[in-house]
1. Would you kindly compute the Cα radius of gyration of the stretch B:107-152 and its largest Cα-Cα separation (Dmax), both in Å?
2. Pick out which of A:V91, A:V286, A:V111 has the largest mean-square fluctuation in a Gaussian network model of chain A, springs linking Cα atoms closer than 10 Å.
3. Please average, across the residues of A:173-184, the number of beta carbons from any other chain that are within 10 Å of each residue's own beta carbon, and give a whole number.
4. For the stretch A:1-116, how big is Rg over Rh, using alpha carbon atoms and the Kirkwood form of Rh?
5. Arrange the peptides B:31-44, A:246-259 so that the one whose residues have, on average, the most other Cβ atoms within 10 Å appears first.
6. Can you give the net charge of the other residues whose Cβ lies under 13 Å from the Cβ of B:V19, counting K and R as +1 and D and E as -1?
7. Just to confirm the filter: which trypsin sites (Lys or Arg not before Pro) across the stretch B:188-238 are DSSP coil and have at most 10 other Cβ within 10 angstrom of their Cβ?
8. For the stretch A:131-177, compute Rg over Rh where Rg is the Cα radius of gyration and Rh is the Kirkwood radius from the inverse mean 1/r over Cα pairs.
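Quick note: the coordinates plus some simple rules give every number you see, no bench work behind them. These figures come from a predicted structure and were not determined experimentally. Cβ atoms come from the backbone with ideal geometry, glycine included; neighbour counts cover every protein chain shown.
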Amino acid sequence: MAGNRAASIDPDSLSWYEATARQRVLALTDPGSFREFLPPTERRMSPHLPLFDLPRAFDDGIVVGRARLDGAPILIAAQEGRFMGGAFGEVHGAKLVGLLRAALELKPTAVLILFDTGGVRLQEANAGETAIAETMRAIVDARAAGIPVIGLIGGRAGCYGGGGLIAGTCSRLAVSEGGRISVSGPEVIETNKGAEEFDSRDRALVWRTMGGKHRRLTGGADAFCADTISAFRKAALALVGRAPAFDLQTLEAEQARLEARIDQFGDCRDAADVWARLGVNDPESVPAMDTGAFDETVARSPEADHDAR
Amino acid sequence: MTLAEILASLFPQGHAVAVRDGLVTGTGPFAGGQMHVVGVDGDTPLGVDGALVLSRVVLDAVRAGDRAPILVAVDSDSQRMSRRDELLGLNECLAHLAKAILLADRSGHPTIGLIYGHSAAGAFIATALATRVLAALPGANPSVMDLPSVARVTKLPLDKLKDMAKSTPVFAPGLDNMVATGAVHVVLEPNLSLEGQIRALIDGMRAGDVRDRLGEERGGRPVARAIAAAIADQARLG
């Protein structure tokens, strides 16, 4: 199925956060280059949601296919956060697994995963959880074969639960301010441990603890983007060229990096304490910084850039 | 079976496996060489600190290059749910542990998961689900989320969910359902030697990820294998 970029999609002005999964794919990739696998016309829907009297989507909330990025062949997957919170169900997960397995044969320049997910779809929890494990194995196989797997995170559902673990398995991550990366979501922590542990209604706390700026400053992500499609395209192009190998050396470096992080910041209560210890002059100003000012702050953070992922 | 009983059956000549703060590490003599053991015991939640303890042991084994089997034994809670863990990048630490286990597998260490109690969510994905073959003992209770929590999120009455759980393995907690989806390859026989059963599992290991095929055969994940295969087919067509 040919995907021609609609005239209304301008990558410079379209918000990543507001865009649909399809808009992101079409505006991110070279015009006219996207071909979808198992497109909605094939109606491969969830076999399980009717049991819960829930509506289904013809694509089960994920778009996968091939495209070109600056002329180079890539495989691409994009989760639709508006459908079931972008969560992993059986079909949704299997589409991503199939795409990553195909990468081993096709040897694309990169695989891009546009995360927008709350994690496992509870109505299909066992299938979703297993698919996440399969996805992580398939990413490792692709990386070990020399294929960079790049995650882009800036959607309204964030990147939570098993999605956060998959993100941590990727070669590189680009994130915008709105992109949150975490395992337990704010509501999950509050429900299980109380509002004293995490007040999920405190949005500023959510952004500080899980948001793109904190992840970028501490090396949890490798690029920080303004909330436009063109910013994510530029970041993806840059990251493809500097993906770390998947080997013992990389993982030993990651082990050292994460141990050092816990040694250095393990007693911090708040992200602002972490930023202060990183040498940020005015940590309270970080949430309000524009992209330019934030980039300058990142450049001074000793934790931000590394090959240990 | 308790962890002590498991280790006694697996290593009849004795072992050097210890539990500290709910984290299991050590080695035992196995098949003329040794076996590494890592894991989580006592329904302990897995946070950033514990994940890095376990990943270090796994990476040390890979660096040693002995290609010895690595057993990942699990009776855990879910991931540790806290502000501190998320602030420190729990997703990176859990993914790092899973990557270490996957690297070990690629580096010639047979990796075997053994779930003998509870496990859930991120802790399960980072440990037992990252192994090549996942075995269980009767009484194990893997889950993604318990039914009362599912009821809260899905806004369905608990009684209705309990009824649905009887006929639909795809969402309900429990070992039988995780076997049906293919995540758990086999349930071991506790009255027979675990040493022999684990040896047989290692000898029978196959390349590739067979979990979606198992899920199709067992009916717990009816379409995943076909969907993944169809994607790969369409990708090949160009």
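1. Considering the stretch B:107-152 through its Cα atoms, Rg and Dmax are 12.5, 44 Å.
2. A:V286
3. 4
4. Radius of gyration over Kirkwood radius for the stretch A:1-116 works out to 0.97.
5. Going from most to least packed, we get B:31-44, A:246-259.
6. -3
7. B:R206
8. Ratio value, two decimals: 0.98.
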